[in-house]
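What follows is a short report on a single structure.
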Amino acid sequence: MSPERNIDTKPVLRVSGVARAMVLGARAEEEGAEGLALWLEVSGTAGPNYTYDMYFEALADAGADDLVQEDDGLAVVIPAASIDKLRGATLDVSTQDDEAGMVIVNPNTPPPPALRPQGDLSGEVAQRVIAVLDSDVNPGIAAHGGRADLVAVEEGTAYLRLSGGCQGCGLATVTLSQGIEGAICGAVPEISAVVDVTDHASGTNPYFEAAKK
C-alpha cells in the first residue's frame, strides 16, 4: 500500500509558466512520462548559496514526508529535508548567451558556519603559538591588512581565525598551508596541524578577491 502523500495546498515552490513548459517538454521525451514527477532537492551549499539536484523520477516513489505539488499537469516532489530550504523559492528560466537554462531563485540561504568559541589560551603551548603569530606571522600579513589569532589548541592542533585582509581572501588557504602552518609547526613541535576556522563567506574587504569560477 503506497504511503499517504503530503500534498500542500499552498505551494512551497513557485514554477513560472515558461519553466513549466520547458519541464513538461523534457518530461515528454522520457519513457513512461505520465508517471514521472520533477524532483527538486537541496544537495548542498556553495558559499552563501544552496546547490540543487533536479531530475525526473516516478511520482509513486514519493514518501509520506515528501511534499508533492500538482500544478497544470506537472507534479513536483520536494524531499522532506529540502522543504523548508525551498519555501518561497521560484523555478524559472534564465537566458544567457541566447541559451535558456533553469534557475532557482531562493530567498533562503544556508546558516553561516558556527565560529569556534575562544578556548583556554593560558597554557605553555598556546602561549608559544601566540608568540610565533605576534613575532613571525602577523607582521608579514599586516602588509595586506590581515591578522591571524589563535582560537584554541587541542590535541596537537592549533585553531586560527583570520581577520582583516585575510578574511574572505581567495589565497587564505595557501597562506595558511604554506606560511602560517610552517611557521607554527617549525617553532612549536607540539603542534602538528593548523586549522582555519574563519567564516570567509562574511569577509567584507579582502585584500585579494576570491577566485572567480
Q.
List the residues, sorted by chain then number, that are 5 or more residues from Thr45 or on another chain and whose placed amide H is less than 5 Å from its amide H.
A. Thr51
Q | Under Karplus coefficients 6.51, -1.76 and 1.60, residue-wise ³J(HN,Hα) of segment 76-84 in Hz, glycine/proline x | A | 10, 10, 10, x, 3, 5, 9, 4, 5
Q: Restricting things to alpha carbons, tell me how big segment 23-111 is in terms of Rg and Dmax, in Å.
A: 13.6, 41
Q. Which values, in whole Å and largest first, are the semi-axes of the equivalent ellipsoid of segment 48-99 obtained as the square root of 5 times each eigenvalue of the Cα gyration tensor?
A. 22, 16, 11
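We did not get these values from a lab; they are worked out from the coordinates using the rules stated. Model, not experiment: these values are computed from the prediction.
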